[in-house]
Amino acid sequence: MTASNANDIVLAEQHGPTCVLTLNRPDKRNALETATYILMNRYLDAALADPGVANIVLCGAGNFFCSGGDLLSLETRAALPVAERAALIQKLHDLVIRLKFSSKPVIAAIEGGAAGAGASLAFAADLIVAAEGSYISMAYVKAGLVPDGGGSAFLAHALPHQLAAEIALFGGRLPIERFAAAGVVNRIVPSGSALQTALELGQQLAEGARESQAAILSLLDGPDRESFERQLDAEKRLMAIALGSAEAAEGIAAFKEKRAPAFSRLAG
Amino acid sequence: MTASNANDIVLAEQHGPTCVLTLNRPDKRNALETATYILMNRYLDAALADPGVANIVLCGAGNFFCSGGDLLSLETRAALPVAERAALIQKLHDLVIRLKFSSKPVIAAIEGGAAGAGASLAFAADLIVAAEGSYISMAYVKAGLVPDGGGSAFLAHALPHQLAAEIALFGGRLPIERFAAAGVVNRIVPSGSALQTALELGQQLAEGARESQAAILSLLDGPDRESFERQLDAEKRLMAIALGSAEAAEGIAAFKEKRAPAFSRLAG
Amino acid sequence: MTASNANDIVLAEQHGPTCVLTLNRPDKRNALETATYILMNRYLDAALADPGVANIVLCGAGNFFCSGGDLLSLETRAALPVAERAALIQKLHDLVIRLKFSSKPVIAAIEGGAAGAGASLAFAADLIVAAEGSYISMAYVKAGLVPDGGGSAFLAHALPHQLAAEIALFGGRLPIERFAAAGVVNRIVPSGSALQTALELGQQLAEGARESQAAILSLLDGPDRESFERQLDAEKRLMAIALGSAEAAEGIAAFKEKRAPAFSRLAG
């Protein structure tokens, strides 16, 4: 395992047989930057190579999972050529592919909420434990953006179109119970105990047949892998364009000014 | 927007940012004819081209959504060559492709029931609002027919095989709550208020980021589009054959004579 | 219909329009052997060819559906070359393809439990009736094995990844209500009455339009068939390897010695 420092934006710590990766920008609700993806990829590679690591838990510091891409840093991307925007999105996609097709089980532990790319990261996990009162939202549309990180691929594959469309078109905070009923969230636990339950599941998996688990994950992911990767490319293309749109400029400005976006002035 | 007359079999009316298409044969529970498909396609093209239209609502006159293909007109098709039957089914499929892959959100507002091709039209919508006590049924099998309009593609994609098979093999009226639990129906509302709720959702979407919504719809529909269109062709082929079968003759005769069909005499 | 003898490991009996295939090794909870697959294939071929058979019910003797592959006979496979192990798995896969793509509806009637390959057989049915208190478990991982018989294909297609992963990675006994909520189980009935309810559904289907039913099944199965068969091959490959693994040796030894397997000694 690669060691991490307490001030890093991602922490990697070993808890028994489980590698815990903690998104660690609690003052920003663990908003994601390109540096986050690069660092997580490095820790994940180390965890996957380490025979002492049976599985991986993904969580966030400060009782919140992840608010998604940092809108303030996204704002600056409008000035970049589309291809450079796409190259930055690819860093997220490299991470999502590693998580989703990991040969070791990945467990997301959600406190508070998982929004935007934070939701896409959670969807890439094999198991999701979520705290009572937490939410998952595909909030992209509220900032004039489109899902990336495989979020649209996951919704289109896992859920009937109407539920997927509601989640993605409105970007609202669906109660976690709706995701549990659908089979996307495995456990709802008391607030504050998501990480503990995730570690218990990790311990239970670690005591099981690990080679079987790796083969099972390859069987469950295999048939869909090619389609998933194609969809990541479609997301990248549309998100790179959206980042330069008038809608995104308005959505991000409204976020900064803490007001509701006035998209309808742009329509028609 | 193209204007419509109050006696047309389809009405197109603008309500704020939303184009409302109303199936308008209330004495026949809005049964579908080839002319319905052609007229709806024309209105849809106009609505998609009109920048003043943010989204589309699909509903039925007389507190009923749609009873499906008009069995009395289907009866005459047995006399046609199979290729001509298929050409008529293609008119429905042209409409379904326009609805399902529309760049503007489509909302179905169901009062009463959606049966046969009426169910397939509802499934092609991005969001479904349904009144308490309404139902969705794939009633084709009761007339010795097979699903068309993408109904089988939708069921096979959205639901586990056993639930899809129950719906399609028995053709019964599943309570709308079952579809809501599965994620196919987004809202169940008091009887008589489905259109109003659909218009509220339309208003909410219209105030959102419309370019994002179009991109999101293309992402959600994209991976499945080719397979969906292949399935429409398979439905067309099997439905064109079924329309000339002894089972369909018995099923349609029983419908006209208001008696239960006696399929078992045809078996073995 | 081919006649069967009361001592055969599979019984084939006609009940009205329905052919009932009964797994008949009640002292072994109807554990499956290669001979079971060969015999079932023979009975199925006869039932599919017989115009007097409208549909097929699959059940188990002794108030239990099926405990899966006979672990004691699987133990001897480690000594075989991988290609010979794969050839034996192919016998199961021949049966699953016949069941899943049968032109006549197949109904599974579950009492007690369906585990391992028993669960995969149930998933291959078009409709599932299950008794209160029964369970479905993909128990393979507990013996250091991986799903075969299409179990992983079914889970990956029918359910969101997180629910599928929980079922396959832990191998636990999910309550039957969870499968009913997801749409995998059609009816939960009082203990002891699963077969009777399955026969009632068979009778109802037999009175319906059988040609329509065959066409509907081909539409529901068609789009997924190629991917399903590819997945069977992937399962066969990984299961053939797993049968010779240290994990399987430990898992099967533990089963024989009625103790918990100690997989963690093998890890790291």
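Annotations
- Here is the size of the protein assembly as shown from its Cα atoms: Rg then Dmax, 27.0, 80 Å.
- Net dipole in debye of chain B [+1 Lys, Arg Cβ; -1 Asp, Glu Cβ; about Cα centre; nearest 20]: 580 debye
- GNM top mover of A:Ile136, A:Ile128, A:Ile241 - chain A, alpha-carbon springs below 10 Å: A:Ile241
- DSSP finds beta bridges in the stretch B:10-266, and of those with both partners inside it, around 30 percent are antiparallel.
- Across peptide B:219-231, the average count of Cβ atoms from other chains found within 10 Å of a residue's Cβ is 5.
- Among the listed pairs B:Lys142/C:Lys104; C:Lys236/C:Lys258; A:Lys91/A:Lys236, a Cα-Cα separation exceeding 20 Å is found for C:Lys236/C:Lys258.
- Rotational relation A to B, axis-closest Cβ in chain A, residue and distance rounded to whole Å: A:Ala181, 4
- Dimensions in Å of the stretch B:10-266 - Rg and Dmax from alpha carbons: 17.5, 58
- On Cα atoms only, tilt of A:34-49 relative to the major axis of chain A in degrees: 20 degrees
- Highest-fluctuation residue, B:Ser73, B:Ser134, B:Ser152 considered, GNM on chain B with Cα pairs under 10 Å: B:Ser73
- Shortest-first nm distances, B:Asn63 label point to equivalent points in other copies (7 Å, Cα→Cβ): 5.0, 5.0
- Cβ-based charge dipole, the stretch B:10-266, positive-most Cα from B:Ser137, B:Leu92, B:Ala108: B:Ser137
- Amide H within-cut-off set for A:Val10, under 5 Å, with H built and near neighbours excluded: A:Asn24
- Residue exposure proxy: C:Lys91, A:Lys100, C:Lys142, ordered by other Cβ atoms within 10 angstrom of their Cβ from fewest to most, comes out as C:Lys91, C:Lys142, A:Lys100.
- Neighbourhood net charge (9 Å Cβ-Cβ; Lys/Arg +1, Asp/Glu -1) for C:His93: -3
- Relative to the dominant Cα principal axis of chain C, helix C:210-221 is inclined by about 30°.
- Dividing the mean sequence gap of close Cα pairs (under 8 Å, 6+ apart) by how many residues chain C holds gives a relative contact order of 21 percent.
- Alpha carbon convex hull of the stretch A:34-101, volume per residue in cubic angstrom: 101 Å³
- Per-copy distances of the C:Ala83 label point, shortest first, in nm (7 angstrom along Cα→Cβ): 5.0, 5.0
- In this Cβ point-charge picture (+1 for Lys and Arg, -1 for Asp and Glu), the stretch C:113-183 has a dipole of about 160 debye about its Cα centre.
- Degrees between helix C:161-170 axis and first principal axis of chain C (Cα, 0 to 90, nearest 10): 60 degrees
- Cβ crowding within 10 Å averaged over residues, with A:80-86, B:228-234, B:254-260 ranked highest first: B:228-234, A:80-86, B:254-260
- Sorted by Cβ neighbour density within 10 Å, fewest at the top, the residues C:Leu174, A:Leu44: C:Leu174, A:Leu44
- Simple Cβ-charge dipole of the stretch B:203-268, Lys/Arg +1 and Asp/Glu -1, about Cα centre, in debye nearest 20: 480 debye
- Averaged over A:200-211, number of beta-carbon atoms from partner chains that fall within 10 Å: 6
- 7 Å along Cα→Cβ, label-point gaps from C:Glu177 to other copies, nm, shortest first: 1.5, 1.5
- All other residues whose Cβ lies under 10 angstrom from that of B:Ala165 are scored, Lys and Arg at +1 and Asp and Glu at -1, for a net of -3.
- Put the Cα centre of the stretch B:1-75 next to the Cα centre of the stretch A:97-150 and the gap is 39 Å.
- Listed residues A:Gly171, A:Gly116, A:Gly208, most fluctuating in chain A (Gaussian network, C-alpha, under 10 Å): A:Gly208
- Inter-centroid distance (Cα atoms) of the stretch A:189-268 relative to the stretch B:163-224, Å: 22 Å
Values in this text are rule-based calculations from the coordinates and carry no lab data. Note that the structure is predicted; figures quoted are calculated from it, not measured. For neighbour counting, all protein chains shown are included, and Cβ atoms are generated from backbone atoms with ideal geometry for every residue, glycine included.
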